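Encoded as structure tokens, the structure appears first; notes follow it.
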Amino acid sequence: MRVTVNDGCQGCGVCEATAPEVFEIQDDGSVKVLVQVVPLELEQAVRNAAHECPTEAIEISE
Ligand code: SF4
């Protein structure tokens, strides 16, 4: 699984709270994706973050 964050992100922090190993809020309010390919054990957390993101800014590709 690969994951990216698009321009719809509003920096709310839900993704970082859900999967801190994958998402990191930057000082400017943007989100940095910390991994190129999501490890299997973190895939569910990333799916949860994508589901909970209020602006649907998290894009997953398998
Ligand atoms: S949950 Fe969505 S809107 Fe909130 S910081 Fe993460 S990507 Fe951005």
Q: Calculate for the chain the 222 nm mean residue ellipticity that helices alone would give, adding -39,500 (n - 2.57) per DSSP H run of length 4 or more and normalising by residue count, nearest 500 deg cm²/dmol.
A: -6500 deg cm²/dmol
Q. Using Cα atoms only, what is the angle between the long axis of helix 43-52 and the major principal axis of the chain, expressed in degrees (0 to 90) to the nearest 10?
A. 30
**Q.** For LYS32, net neighbour charge (Lys/Arg +1, Asp/Glu -1) across residues whose Cβ lies under 11 Å away
**A.** -4
Q. Going by the alpha-carbon gyration tensor, a ≥ b ≥ c the square roots of its eigenvalues, is the chain rounded (a/c under 1.5) or, if a/c is not under 1.5, prolate (a/b greater than b/c) versus oblate?
A. prolate
Q: Quick one: what are the phi-derived ³J(HN,Hα) couplings along region 7-15, Karplus 6.51/-1.76/1.60 with θ = phi - 60°, whole Hz, x for glycine and proline?
A: 5, x, 4, 10, x, 6, x, 4, 5
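Where a number appears in this text, it was derived from the coordinates with a stated rule and is not lab data. Because the structure is a prediction, the values reported are computed rather than measured. Quick reminder, even Gly has a Cβ in these numbers, built from the backbone with ideal geometry, and neighbours come from all protein chains shown.
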